[in-house]
Amino acid sequence: MNARITNLFGLVVLLFAMLVGFTSYWSVFHAGALEANRANKRPLLEQQRIRRGLILARDGTVLARNKSTGSGANRFYSRLYPEGSLFPHTVGYNFVSRGNSALERKYNDDLTGKANEFATALDELRGKQREGNDVTTALDPAAQRVAFAGLAGRPGSVVAIEPQTGLVRVMASVPGFDLNAVPDNFARLVQAPDAPLLDRAAQSGYPPGSTFKVVTATAALDSGKFTPNSFLSGKSPRVIDGVPLSNFGGEQFGDISLTTALTHSVNTVWAQVGVKLGKSLMYKYMNRFGFDRKPGIDLPADELRSSGVYSQGNLLGPGDAIDIGRVAIGQERLQVTPLQMAMVAAAIANGGHLMRPHIVEKVTDPDGRTLRRTKPSEESTVMSETTARALGDMMSQVVQEGTGTAAALQGINVAGKTGTAEKGTANQAWFIAFAPVGAPRVAVAATVEQTTGQGGTVAAPIAKQVMETLLRGG
């Protein structure tokens with residue numbers, strides 16, 4: 001009898017220990033994963049009692065604030081977005097019924113004043129009311145409005161970055177939506193054929209067209225295999241990987257320098273360069289620019305897309321069957337985000353140093369004390385400063401006398417590159433640029449979907465207006 005009682009007692013103790021163990025695992029060690037699960041609404045319900053921090057633009061414009069209902073122990077807070085349709089994809093939303101997204105999700109711990117599990121529990125025991133911290137971004141409302149005005153309702157995107165810091169000033173995506181309408185119209189937004197919830201700046205993959213030639217030019221010059229004055233034939237058509245390739249409009253060129261080939265966006269020259277460089281070297285420089293991985297920007301990872309060569313949804317590497325000559329001119333199965341192409345322009349502008357893109361500048365507590373300030377962080381050294389200067393000079397020629405003259409600014413030297421990728425019967429128009437050359441303060445990428453125009457006539461004027469606004473406004 002004693003043995004049976006002992007065994008039963010041991011079983012009860014074991015089961016109790018397992019219960020404690022599993023409870024501890026989920027409530028303590030796996031608490032972060034539980035809170036991060038977007039299907040788990042409990043954290044959002046609890047956070048309704050917390051006065052969430054503000055999200056601000058650099059100029060102090062309030063992008064997200066609170067409204068309260070009830071009083072005392074029955075006071076609850078919900079989110080209100082004064083500029084609901086200005087930065088919807090970047091600021092994001094936070095609603096109990098729909099979860100959260102973008103900065104609202106990425107900075108949730110800061111916005112809810114969560115220090116750590118122990119400190120938060122201690123404050124609750126002391127009866128201290130928990131308050132959120134404010135998040136200040138580098139976003140520029142005036143330049144964002146200019147970007148939207150330039151896109152004029154056409155699907156597309158504009159991204160502008162400070163080259164030396166990586167701070168994002170503009171992140172526009174069309175079509176958009178009003179953050180305040182999310183609770184009542186979420187199903188309609190999800191089902192809309194034009195995908196307004198999709199952040200085209202960071203989630204859409206587009207063929208980059210000739211803007212990618214600056215990546216090819218980087219590999220060509222920085223590897224030492226070519227110089228800006230290297231001459232190649234611009235004859236059209238030319239067989240590349242067994243298939244004839246033509247210049248835009250069938251235009252013919254003789255032996256021309258790489259500078260001239262970039263100025264006039266000569267496909268046959270840059271395809272030859274890509275073939276001579278080879279897949280391994282091309283991929284080496286693509287990786288340095290940030291291709292084939294998600295960008296390190298401060299947004300949720302599942303709201304970002306990698307840029308690269310795709311097949312059936314999978315990224316291809318240098319060991320796969322790829323027409324590198326056509327990759328070199330932005331064709332083949334290359335898909336890029338506007339954010340990635342803005343990073344390309346920013347790296348060249350910053351002397352070859354690619355800075356990690358960042359939206360938030362600082363986090364401050366309810367008393368206004370700065371808790372954390374973003375420090376510029378170098379993601380990679382893409383090229384030498386000598387190569388970057390040479391590329392800047394070549395890209396300047398594009399704006400001064402080539403395909404990008406529509407981006408010229410009075411009194412400011414602009415470096416840029418146009419791109420026009422054919423998609424069926426329409427074009428994907430591109431322009432990437434930075435200014436001023438010599439002391440760059442802004443790098444930009446602009447693209448417009450399904451247009452009949454070209455990058456130089458459609459996208460370049462948009463980039464020009466955004467650069468002008470940021471440079472004049474400081």
Can you give the FRET efficiency to the nearest 0.05 for Asn314 and Leu8, using r as the Cβ-Cβ distance and R₀ = 41 Å? 0.15
With only Lys, Arg, Asp and Glu charged, each at its Cβ (+1 for the first two, -1 for the last two), find how big the charge dipole of the chain is about the Cα centre; round to the nearest 20 debye. 760
Roughly speaking, what % of Cα-Cα pairs in the chain are separated by over 30 Å, rounded to a whole number? 49
Taking the Cα atoms only, what angle lies between the long axis of helix 141-151 and the longest principal axis of the chain, rounded to 10 degrees? 50
Which whole-Hz ³J(HN,Hα) couplings does segment 230-246 yield from phi under the Karplus relation 6.51 cos²θ - 1.76 cosθ + 1.60, θ = phi - 60°, glycine and proline marked x? 5, 10, 9, 6, x, 4, 9, x, 9, 6, 10, 6, x, 10, x, 10, 10
Given Cα pairs under 8 Å that are at least 6 residues apart, what percent is the relative contact order of segment 246-341? 29
What are the ³J(HN,Hα) couplings of segment 250-261, residue after residue, when phi is run through the Karplus curve with 6.51, -1.76, 1.60 and θ = phi - 60°? Round to Hz, x for glycine and proline. x, 4, 10, 9, x, 6, 10, 6, 5, 4, 5, 5
Amide H to amide H under 5 Å from Arg51: which residues, 5+ apart in sequence or cross-chain, H placed 1.01 Å off N in plane? Gly132
From the backbone phi of segment 65-71, what are the Karplus-calculated ³J(HN,Hα) couplings (6.51 cos²θ - 1.76 cosθ + 1.60, θ = phi - 60°) in whole Hz, Gly and Pro given as x? 9, 10, 10, 10, 10, x, 8
With the charge dipole of segment 277-389 built from beta-carbon charges (+1 for Lys and Arg, -1 for Asp and Glu) about the Cα centre, the Cα from Thr337, His353, Ile324 projecting farthest to the positive end belongs to His353
If you take every DSSP beta bridge fully contained in segment 49-200, what fraction is antiparallel? Give it as a percent rounded to 5. 85
Relative contact order for the chain: what is it in percent, counting Cα pairs under 8 Å that are at least 6 residues apart? 16
R0 of 30 Å, Cβ-Cβ distance Gln48-Arg373: FRET efficiency to nearest 0.05: 0.55
Only bridges with both residues in the chain count here: give the DSSP antiparallel percent, nearest 5. 95
The chain: angle of helix 460-473 to the longest principal axis, Cα-based, in degrees nearest 10: 60
Which one, Gly156, Ala388, Ile432, projects farthest toward the positive side of the charge dipole computed for the chain from Cβ point charges (K/R +1, D/E -1)? Gly156
In the structure displayed, which of Lys423/Lys464; Lys213/Lys235; Lys67/Lys375; Lys213/Lys284 lie more than 22 Å apart, Cα to Cα? Lys423/Lys464; Lys67/Lys375
For segment 348-474, take the alpha-carbon Rg, divide it by the Kirkwood Rh, and send me Rg/Rh. 1.07
Inter-probe distance in nm under a simple model that places probes 7 Å from Cα toward Cβ, at Lys235 and Ser384: 3.4
At a threshold of 8 angstrom on Cα-Cα distance, excluding pairs fewer than six apart, so keeping six or more, what relative contact order does segment 309-433 reach in percent? 17
Nearest 10 degrees, 0 to 90: what angle lies between the long axis of helix 182-191 and the longest principal axis of the chain (Cα atoms)? 50
Treat each spin label as a single point 7 Å out from the Cα along the C-beta direction, and report the Arg58 to Arg130 distance in nm. 3.3
Sort out for me the Cα centre separation of segment 48-106 from segment 359-375, rounded to whole Å. 17
Taking the Cα centre of each part, how many Å lie between segment 330-355 and segment 126-157? 23
Extended-chain gain in nm, criterion 0.36 nm per residue less alpha-carbon gap, Gln410 and Arg75: 115.1 nm
Would you work out if segment 344-394 is rounded, prolate or oblate? Take a ≥ b ≥ c from the square roots of the eigenvalues of the alpha-carbon gyration tensor; rounded if a/c is under 1.5, else prolate when a/b is larger than b/c, oblate otherwise. prolate
For Ser280 paired with Ala439, estimate the spin-label separation in nm (one decimal), with each label point 7 Å from Cα along the Cα-to-Cβ line. 4.4
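Laboratory data are not the source of any read-out in this text; all were calculated from the coordinates shown. Since we're looking at a predicted model, the values are computed, not measured. Neighbour counts run over all protein chains shown; Cβ positions are idealised from the backbone, glycine included.
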